[in-house]
Amino acid sequence: MNTTLPTPRDLPPHRQAEIRADLLRAAAGEQRRTRYAPIITGVAALGALAVIAVVLLVPTKRDTTPATPSLSSTTASTPLLSGTPSITPQHAPGSRPDPLIPGLPAEQRAAIEKGCGHSASQTGPVRLYNFVTDSAGQFALLYGDVAALTCTLGDADMPYNSGFSASPFMDWLTGPLSVDVQSSSVIAGRVDAQVAKVTYTNDNKTVDAVLANRTFVVRSTRQLPGAGTLQAYDANGRLLSTTSLNAQTGECYTTPDGVLIDPGGRDAPDPMACKTATPWR
């Protein structure tokens, strides 16, 4: 095969004239279009940016299925924060005590339940179980399906100020006395039908808790230390239980069907070795 290029040669004069005329016409037409080129280019650039912006703003699809909390690892002192998955209550057989607050008008009680529940961002109903008036003002202890609310009342800027803890096991008691709330000023919880008196002792000083509707409240105008002991007594003065608030270990409890309610400060206790919780009623 012959790969030798042909010898270059000049174009005929008439062809050179034709090409020159075509170039002149093309140049004249390009000059007429040049003033529009920047506008067209700018629009095209904006279009390109718009496409990029849309792509960047479209979120990547991800799994939004909420995690299911482990019931066996949830205790009465576990806080329920706003936005966390809902807790499924583990109801005990029977019903809770029907709370009565003597001397408190029905409309005031309804206002407390509504105001304290709203302050704690509770979507379900809450009921007032204990109401205390002392030198620090008014205090309410309320219970919802899975929450215990401690609510201070009467502040001008915040008439209902609630804190709360949550557990799926609010219908169960871990012994004669169950502590649901422990803060710097309040210790509160539930008791069974035997309990007629609850005391709190710390630094050799003992105070009586306020009992109502099978609940108890220890409230102080000073900061409560993180230690201390709660003792529950029956109507005859017999000691039913002693709860050390700073104990690292204690008795573990399960429901009758073996679901762990309180590990008692232990790591993964054997449910078969735990005590059985009793219904709060």
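The values are calculated or read from the model by the stated rules, or taken from the named source; none is laboratory data. Remember, it's a predicted structure, so these values are computed and weren't measured experimentally. Cβ atoms come from the backbone with ideal geometry, glycine included; neighbour counts cover every protein chain shown. Accessible surface areas use protein heavy atoms only, side chains included; no ligands, DNA or RNA. Shrake-Rupley method; radii C 1.70, N 1.55, O 1.52, S 1.80 Å.
Just check the range 136-177 against the gyration tensor rule for me: Cα atoms, a ≥ b ≥ c as the square roots of the eigenvalues, rounded for a/c under 1.5, and otherwise prolate or oblate depending on whether a/b exceeds b/c. Here the range 136-177 falls in the prolate category.
Report in % the part of the accessible area of the range 106-279 that belongs to carbon and sulfur, leaving out ligands and nucleic acids; probe 1.4 Å. Carbon with sulfur: 48 percent of the solvent-accessible area. Residue by residue, the range 254-260 carries 3J(HN,Hα) couplings of 10, 6, x, 8, x, 7, 5 Hz when phi is fed to the Karplus relation 6.51 cos²θ - 1.76 cosθ + 1.60 (θ = phi - 60°); x denotes Gly or Pro. Take Tyr160: with every protein chain present and a 1.4 Å probe, its accessible area is about 70 Å².
A 1.4 Å probe over all protein chains sorts Ile101, Ile187 by accessible area into Ile101, Ile187, starting with the largest. Heavy-atom accessible area with a 1.4 Å probe sorts Phe216, Phe131, largest first, into Phe131, Phe216. Here the Karplus curve 6.51 cos²θ - 1.76 cosθ + 1.60, taken at θ = phi - 60°, turns the phi angles of the range 179-186 into couplings of 8, 9, 9, 9, 10, 6, 10, 9 Hz, with x standing for Gly and Pro. Annotation: amide H of Ser241 within the under-5 Å range of Ala232, sequence separation 5 or more or interchain, hydrogens built in the peptide plane.
Only protein heavy atoms count here; on that basis, with a 1.4 Å probe, Glu251 has an accessible area of about 90 Å². For Thr206, the accessible surface of its heavy atoms amounts to roughly 80 Å² (probe 1.4 Å, protein chains only, rounded to the nearest 10). Seen from a random direction on average, the alpha-carbon convex hull of the range 106-279 projects onto 11.1 square nanometres. Close amide H contacts of Ala196 (hydrogens built in the peptide plane, cut-off under 5 Å, sequence separation of 5 or more or a different chain): Tyr233, Asp234, Ala235.
Shape index of the range 193-246: Rg/Rh, with Rg the Cα radius of gyration and Rh the Kirkwood radius from the inverse mean 1/r over Cα pairs, equals 0.96. Placing +1 on the Cβ of every Lys and Arg and -1 on the Cβ of every Asp and Glu, with no other charges, gives the range 106-279 a dipole of roughly 340 debye about its Cα centre. Classify the range 110-207 as rounded, prolate or oblate from the Cα gyration tensor: take a ≥ b ≥ c as the square roots of its eigenvalues, call it rounded if a/c is under 1.5, otherwise prolate when a/b beats b/c and oblate if not. Oblate, since a/c reaches 1.5 and b/c is not below a/b. Rolling a 1.4 angstrom probe over the protein heavy atoms with all chains in place gives the range 106-279 an accessible area of 48 Å² per residue.
Rounded to whole numbers, the Karplus 3J(HN,Hα) couplings from phi for the range 163-169 are x, 7, 10, 9, 7, x, 10 Hz, using 6.51 cos²θ - 1.76 cosθ + 1.60 with θ = phi - 60°, and x at Gly and Pro. When the residues Arg214, Arg281 are ordered by accessible surface, computed with a 1.4 Å probe over the protein chains alone, the sequence from largest down reads Arg281, Arg214.
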